[in-house]
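The values are calculated or read from the model by the stated rules, or taken from the named source; none is laboratory data. As the structure is a computational prediction, the values presented were derived from the model and not from experiment. Glycine gets a Cβ as well: all are built from the backbone with ideal geometry, and neighbour counts include every protein chain shown. Accessible surface areas use protein heavy atoms only, side chains included; no ligands, DNA or RNA. Shrake-Rupley method; radii C 1.70, N 1.55, O 1.52, S 1.80 Å.
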Amino acid sequence: MNQGSQGDRVPFNPTPGPPAPPNPFVHELHLSCLQRVKFCLLGTLLAPIRVLLAFIVLFLLWPFAWLQVAGLTEEQLQEPITGWRKTVCHNAVLGLSRLLFFLLGFLRIRVRGQRASRLQAPVLVAAPHSTFFDPIVLLPCDLPKVVSRAENLSVPVIGALLRFNQAILVSRHDPASRRKVVEEVRRRTTSGGKWPQVLFFPEGTCSNKKALLKFKPGVPVQPVLIRYPNSLDTTSWAWRGPGVLKVLWLTASQPCSIVDVEFLPVYHPSPEESRDPTLYANNVQRVMAQALGIPATECEFVGNLPVIVVGRLKVALEPQLWELGKVLRKAGLSPDCVDAGAEPGRSRMISQEEFARQLQLSDAQTAAGAFSYFQQDAKGLVDFRDVALALAALDGGRSLDELTRLAFELFAEEQAEGPGRLLYRDGFSTILHLLLGSPRPAAVTLHAELCQVEPSQGLSLCQFQNFSLRDPLYGKLFSTYLRPPHTPRGTSQTLHASSPGHPTALANGTVQAPKQKGD
């Protein structure tokens, strides 16, 4: 088997065929010298005035948002607001919201197609979700109800606007919350037009508009497309790209920004799609992607981790193992110089201080950043076997056979009955999480399928290596991920991701947690 090299990498493509679409989580903004001069001038003169005025209008929205729900009980808020509250506050918030976006430079909102009535389409889905400016789509939709993160309620002014909107709130970390959201959406959409339309961004996170992320299953909808047809894309706020302040400053520095909102025909599910929500959601995604002229992709977020589906496994686009390697190399540490000393099959929990001492990391900030890459228990300790396997993978001096054998030896356990050692689901999921960045639930499910007999059964060394080295799909995955990009000391190398079918690495070795961007 060709083990590859640590230098140039071949992008991982899990299936044969044409190249995969661009990575939707990465947005790179390249400015020419003339554009830099223009943005410096306009950013100095125009942007501060625009942002200041926009914030003033934003705070003017608060009293109208507060007035609509003031004095109402939680029981009363379970029904749509009517009467003078609806008339006065709704129109005031709608007008001030349009003024706010106008002040930020969105001078034109071009609308194509016709919005369906609440009876024809009780749900609107908008895509691609590429920026925090996307709520501008609420204006031509007459401020429909939205689905938003529950954490946003604590944000000043934004929380008041969500209460005004009677938004449906979801906690991404609470499965029970998601079930309640589904029930609430169903209650409102089957009210016979009693409730206004519900609008949500089914992608669930911001992309770069180059691909349409995998949709979550939904109900009958009217698709709504959002485009920013400007000569320079300053609005995209992807997982890896310019931060919120830079996006705000660059967009406010543009003389004029345009947004196109297009209403597609209402999509009515077929009987087969009604029985299979995933099939229905994928077909809606495909229709919207074709209308946008961009590919649909299987990329999605699990928590704050961008992943791609490979077979029955979800793997990270950017394994944290690679980021850890860059951090250690920036600190001047070579993984092969560390004496791991981990005992096979036995857990040894270590503190951050012992971790720094073992890896010879003198800088406290670097040690804390590197330590954060490993899963910690309730006491803030990590299993040194995790560290040993990560260092062995980053070393690059072992063959894949040796590395997978080491992984098995570290995490396999003695059988309760009979000789030999087996790799159970906890050890299996830890290995895949460390080496491939796979979410643990997906790895546990795959382990149960590989065992074939009982979920509690374990894998032998032969079975594990057949999976990781010889399987036509997963073997290629391991051979790609376990050769992390190597940047020689003293040089700077930027790795570009051209497809969501292969992982990408950070262009620098700074120690930071990945930023989470959402609705």
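Counting only protein heavy atoms and a 1.4 Å probe, region 228-289 has 42 square angstrom of accessible area per residue.
If you find the alpha carbon centre of region 420-468 and of region 75-104, how far apart are they in angstrom? Measuring centre to centre over Cα atoms gives 53 Å. Suppose we look only past 22 Å in the calculated P(r) of region 367-480. What percent of the Cα-Cα pairs does that tail hold? It works out to 32 percent of all Cα pairs.
Each label was represented as a point 7 Å from its Cα along the Cα-to-Cβ direction; for D426 and Q120 these points are 5.7 nm apart.
Would you mind getting the Kirkwood hydrodynamic radius of region 48-113 from its Cα pairs, rounded to one decimal in Å?
That comes to 13.5 Å for region 48-113.
Here the Kirkwood formula, the inverse mean of 1/r across different C-alpha pairs, assigns region 380-441 a hydrodynamic radius of 12.4 Å. Over 23 Å between Cα atoms, which of K246/K326; K145/K180; K86/K145; K86/K194 qualify? Beyond 23 Å: K246/K326. Once you have the Cα-Cα distance between S399 and Q457, take 0.36 nm times their residue separation minus that, and quote the gain in nm to one decimal. That pair, S399 and Q457, stretches by 18.1 nm at full extension.
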